[in-house]
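Heads up: the structure comes next, in structure tokens.
Read-outs: derived from the displayed coordinates by stated rules, not from any lab. Small disclaimer: the values here were computed from a predicted structure and weren't measured. Cβ placement follows ideal geometry from the backbone for every residue including glycine, while neighbour counts extend to all protein chains displayed.
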Amino acid sequence: MATLRFNPLRIARPQRLLVSHSSSRPYTINSALRHALSTDDSVLLFGEDIAFGGVFRCSANLATDFGGDRVFNTPLCEQGIVGFAIGAAMSGFRPVAEIQFADYVYPAFDQLINEAAKARFRAGATNLHAGGLVVRMPAGAVGHGALYHSQSPEALFTHVPGLRVVIPRSPAQAKGLLLASIASNDPVLFLEPKILYRAAREHVPVEPYALPLSKAEVLRTGSDVTIVSYGTPLYACVDAARAAERDFGVGVEVIDLRTIYPWDRACVLDSVRKTGRAVVVHEAPVNAGVGAEVAATIQQEAFLNLEAPVQRVAGWSTHVGLVFEKFMMPDVVRIYDAIRKVTEY
Amino acid sequence: MSLRRSVRPLLRQCSLYHMPQTFPERIRLVLPAIQARAQSMPQKPGSDRVHFPGAVNSKFTTVMAFARPGDMPAMPTYRVMDQDGELVDKSRAQPDISDEEVLKIYKDMIVVSVMDPIMYQAQRQGRLSFYMVSAGEEGIAVGSASALDPADVVFAQYREAGVFQYRGFGLDGFMNQLFANRLDEGRGRNMPVHYGSAKLNIHTISSPLATQLPQAAGAAYALKLAHKLDPETNKERVVCCYFGEGAASEGDFHAALNVAATRSCPVIFFCRNNGFAISTPTLEQYRGDGIASRGVGYGIDTIRVDGNDVFAVREATAKARELALQGENRPVLVEAMSYRVAHHSTSDDSSKYREVREVESWKRRDNPIVRLRKWMEARGLWNEELEREEQTRVKKAVLEAFGRAEREKLPALRLMFEDVYEEVTEEQEQQIAALKDVLERYPAEYDVDGYERGKDGL
Ligand SMILES: Cc1ncc(C[n+]2csc(CCOP(=O)(O)OP(=O)(O)O)c2C)c(N)n1
Ligand SMILES: [Mg+2]
């Protein structure tokens with residue numbers, strides 16, 4: 001067994017996936033918000049501690065530059081924030097509401113699931129829907145967040161038709177996907193992996209651009225194994241793919257879903273029909289996670305192409321305990337091992 | 001009848017719709033309750049006031065006047081001693097408290113105020129992952145804890161280290177939790193400062209804000225019922241539930257006060273109003289008269305106290321406890337005012353949203369520890385030398401406990417999976433085996449030495 005030459009316990013650095021290494025600041029969320037606020041008067045930005053720049057500095061200077069009518073602090077109440085945003089969206093505005101941590105979105109669950117997601121369907125021909133609503137929230141683990149600053153709740157929302165669930169992997173992706181989300185006429189949950197805010201540098205074009213929703217991206221091509229993932233674990237996926245290629249000469253294709261629901265089934269199925277092997281990777285617990293949906297779709301639609309059972313590398317079926325976090329999250333070793341499993345099956 | 005059955009057979013079979021009693025029977029069962037309510041509030045002809053349930057005893061008026069909060073005086077703030085540690089009301093008696101108890105309160109505040117900067121710095125040096133100080137609010141926590149019975153149940157938010165200290169959590173208790181080591185009762189799972197102790201009747205702190213408030217109402221109801229059912233075994237107890245003025249904006253706050261009032265729960269809702277929720281000043285948090293004014297709206301006995309005045313906090317809490325247990329029991333709301341002089345947490349830099357000058361001026365102006373010290377010095381209970389000794393002693397004790405806790409092993413890896421359910425599930429067992437398998441096949445990739453029994457601890 002070859003020894004790996006990486007330390008799985010560190011979080012892979014985002015720039016490894018990138019072509020260009022220019023030195024723009026990481027605050028691309030900020031630049032996307034700035035662009036949206038300056039080009040469309042109906043865009044609003046609010047949430048807890050937004051006005052001074054937000055706890056992750058995503059809204060730095062925006063209250064000063066666009067005024068307190070459009071960029072403002074709300075009282076500390078997530079159900080209020082989201083309900084308020086839905087009301088504004090139903091009245092023709094494009095509110096971008098921030099939930100301070102994805103772990104704190106649950107008080108707003110009713111508003112999201114019974115209201116935002118169902119508004120269009122319920123209102124029918126009246127056409128009074130909640131499109132234009134974007135709910136941003138930092139998600140995922142960074143190493144020391146424990147139970148309530150580490151969660152990846154996306155599967156709770158991908159279960160709900162009517163919501164679009166988007167998770168960008170990098171600053172440049174975040175900018176394009178956030179602008180597309182704000183422009184979308186469907187309510188969007190925009191989960192920002194916290195690793196985005198730490199990414200030291202990435203070439204992020206200054207000019208605005210939109211990346212398509214519900215379109216996956218093939219990050220690297222390969223003919224033997226398909227890895228499907230999104231957000232933070234993609235960096236570990238690419239590292240593991242490289243190591244596996246080196247150690248056992250397999251070609252590993254890595255796909256970033258980018259939009260988790262409604263998702264790009266065609267892209268994933270085309271890839272698996274070619275490679276015959278699939279590994280799905282995410283931080284959230286494996287039980288009833290996104291991996292279950294992807295794996296079930298693959299076995300239903302590409303059964304005859306499969307050379308091995310679809311593997312899921314994900315969080316274990318437990319909560320994120322402070323000192324256990326590094327054993328909880330999918331890391332390079334576990335992904336590498338899963339690639340080996342499907343190859344040697 | 002037969003037509004109905006043929007039209008909706010499924011509905012009639014469905015157990016959800018199956019009524020155990022016939023309709024008139026059910027009416028007969030609930031009727032007495034309805035009658036009792038109606039009888040207590042008869043709408044007499046020609047009455048000068050509303051007698052409906054819903055607004056009892058409201059007079060009719062021909063003057064159309066909106067109640068305007070701005071026209072009402074703000075609720076007063078209860079004080080016992082002023083900034084110089086002297087009685088505000090010279091005609092009243094000195095606080096009814098033994099020297100021994102005053103010294104305990106003072107020393108417990110000192111412990112928190114000595115531990116805080118040490119742990120704050122330790123976080124800055126990367127030796128623990130997070131910390132929150134209580135600066136300026138030591139009096140609220142220690143003062144209120146001193147008025148409770150040790151058996152009273154506490155739900156805290158996170159800035160109440162003083163409650164744990166007063167009840168005897170001990171420096172080792174704090175340090176083991178902060179370093180999340182194998183001796184931590186939270187089993188290394190929680191972020192620092194999320195203490196808990198069954199022995200001390202304090203529930204483990206949970207980060208999501210305000211969730212503890214309706215739980216406190218339910219817990220208080222349980223205490224009340226347990227006492228009613230078996231007064232011999234279960235003595236009367238209250239629940240004391242702490243929360244910030246920011247957390248009071250959550251829906252759970254309103255849910256809690258309302259259900260506690262309607263079910264007459266013996267719970268003290270204890271708000272720490274420190275002027276900020278991270279960066280958000282109270283002006284952007286609410287427009288009413290603080291949190292206290294809301295208690296009145298829910299029909300709850302309410303008082304506002306000066307949080308820098310330990311005696312005021314203590315007396316108000318003692319009275320609140322007494323009220324809570326009177327008669328059929330009831331909730332009480334206490335709002336203690338004390339400016340947050342420190343950063344929100346180690347993740348926060350408050351100079352980004354408030355003037356450092358402003359903070360400095362608050363710090364100079366008032367402090368619960370200094371106030372009590374002045375009162376004690378005037379009574380010959382304390383002096384400069386005792387202060388120096390105490391500071392040195394506590395600092396040494398904190399550092400010793402710090403060292404012990406930091407050297408301890410982390411909890412065994414299996415604890416990562418335990419306590420999700422009462423028993424580890426079959427699926428989890430498979431995951432434990434899978435993790436162990438990875439650790440064994442890639443030993444160079446994982447460092448498990450810090451954990452109790454290494455990979456065998458799985
Ligand atoms: C439901 C929820 N939303 C947001 C947060 C993030 N958060 C943690 S502390 C805090 C401010 C709380 O302020 P306050 O209740 O006034 O207490 P203080 O920190 O002033 O003691 C916020 C917004 C959280 N922990 N839980
Ligand atoms: Mg506060």
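Structure summary
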quantity: Efficiency of FRET between B:MET72 and B:LEU229 - r from beta-carbon atoms, R0 45 angstrom, step 0.05; calculated: 0.60
quantity: Average beta-carbon neighbours from other chains, 10 Å sphere, peptide B:426-435; calculated: 3
quantity: Share of pairwise Cα separations in segment A:217-344, more than 21 Å, in percent; calculated: 32 percent
quantity: Hits among lysines - C-alpha to C-alpha of B:LYS409 under 27 Å, sequence gap 8 or more where chains match; calculated: A:LYS326, B:LYS199, B:LYS395, B:LYS396, B:LYS436, B:LYS455
quantity: Compactness index (Cα Rg / 2.2 N^0.38 Å), segment A:105-214; calculated: 1.15
quantity: Share of Cα-Cα pairs in segment B:364-436 lying beyond 16 Å, as whole percent; calculated: 71 percent
quantity: Projected label distance in nm at B:ARG393 and B:VAL356, using a 7 Å step from Cα toward the beta-carbon; calculated: 3.6 nm
quantity: Percent of C-alpha pairs per 10 Å bin, segment A:289-332, short to long; calculated: 25, 38, 26, 11, 1
quantity: Neighbour net charge for A:LEU322 - beta-carbon separation under 12 angstrom, K R +1, D E -1; calculated: +1
quantity: Nitroxide proxy distance, nm - points 7 Å out along Cα→Cβ at B:GLU406 and A:VAL142; calculated: 2.3 nm
quantity: Cβ-defined net charge surrounding B:LEU213, 11 Å radius [Lys, Arg +1; Asp, Glu -1]; calculated: -2
quantity: Residue-averaged [θ]222 nm for chain A, counting only DSSP H segments that reach four residues, each worth -39500 (n - 2.57); calculated: -9500 deg cm²/dmol
quantity: Net charge of neighbours whose Cβ lies under 14 Å from the Cβ of B:LYS224, counting Lys and Arg as +1 and Asp and Glu as -1; calculated: +2
quantity: Cβ crowding within 10 Å averaged over residues, with A:81-92, B:394-405 ranked highest first; calculated: A:81-92, B:394-405
quantity: For A:323-330, mean number of other protein chain Cβ atoms within 10 Å; calculated: 6
quantity: Rg [Å, one decimal], Dmax [Å, integer] - chain A, C-alpha atoms; calculated: 19.8, 64
quantity: Rg over Rh [alpha-carbon atoms, Kirkwood Rh] for segment B:304-458; calculated: 1.16
quantity: Exercise: per-residue mean of other protein chain Cβ atoms within 10 Å, B:338-350; calculated: 1
quantity: Binned Cα-Cα distance frequencies in segment A:17-205 - 10 Å width, integer %; calculated: 10, 39, 37, 12, 1
quantity: Euclidean distance of C-alpha centroids, segment A:89-120 and segment B:135-214, integer Å; calculated: 33 Å
quantity: Calculated [θ] (222 nm, deg cm²/dmol) that DSSP helices of n ≥ 4 give over chain B, each run adding -39,500 (n - 2.57); calculated: -13500 deg cm²/dmol
quantity: Label-point gap, in nm, between B:ASP48 and A:PHE303 - each point 7 angstrom along Cα→Cβ; calculated: 8.4 nm
quantity: Cα-based shape type of chain B, given that a ≥ b ≥ c are square roots of the gyration tensor eigenvalues and the cut on a/c is 1.5; calculated: oblate
quantity: Base-10 log of normalised Debye intensity for the protein assembly as shown (one unit scatterer per alpha-carbon) at q = 0.10 Å⁻¹; calculated: -1.19
quantity: Alpha-carbon Debye profile of segment B:413-457, log10 I(q)/I(0) at 0.19, 0.24 Å⁻¹; calculated: -0.61, -0.88
